[in-house]
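Here is the structure we will look at.
The values are calculated or read from the model by the stated rules, or taken from the named source; none is laboratory data. Small disclaimer: the values here were computed from a predicted structure and weren't measured. Here the Cβ is made from the backbone with ideal geometry for all residues, glycine too, and neighbour counts use every protein chain on show.
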């Protein structure tokens with residue numbers, strides 16, 4: 001850090017190439033070297049602190065965005081479940097009914113409800129039926 005080049009450093013009218021040469025040209029230079037070194041360290045710390053603060057700010061913004069997306073995702077899952085439940089309200093599932101080739105599960109379920117259970121269920125009251133194994 002202390003070897004960093006700076007332009008036009010001068011002491012008593014003589015130009016020096018870097019801070020070290022400028023400090024060496026000044027009487028009582030030992031204390032000045034420490035001051036210049038400490039000053040450079042402080043500049044680096046300020047720069048690093050600013051960088052970290054910017055990262056922290058961006059991290060906070062991203063965390064807020066993730067929280068918002070998680071909330072929206074939860075709401076969408078709830079809405080999807082409600083939609084699925086709504087579409088299932090007129091659906092029937094038949095358990096324990098033997099399987100035959102080219103069968104129509106709507107007719108099988110309607111037969112069970114109408115003939116076995118004595119209910120009056122029509123095909124327009126059933127949106128969907130399926131066999132469950």
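Some notes on this structure:
- Matching residues in region 113-133 - criterion: being assigned to a loop (DSSP other than H, G, I, E, B), under 22 Å from residue 101 (Cβ atoms) and either touching a helix residue (DSSP H, G or I) at 6+ places or on another chain (Cβ under 7 Å) or modelled with pLDDT of 85 or more (or both): 126
- Where a residue in region 73-100 is at pLDDT 75 or above and its partner, wherever it lies, is exposed (fewer than 11 other Cβ atoms within 10 Å of the Cβ) and assigned to a strand (DSSP E or B), with Cβ under 7 Å and at least six apart: none
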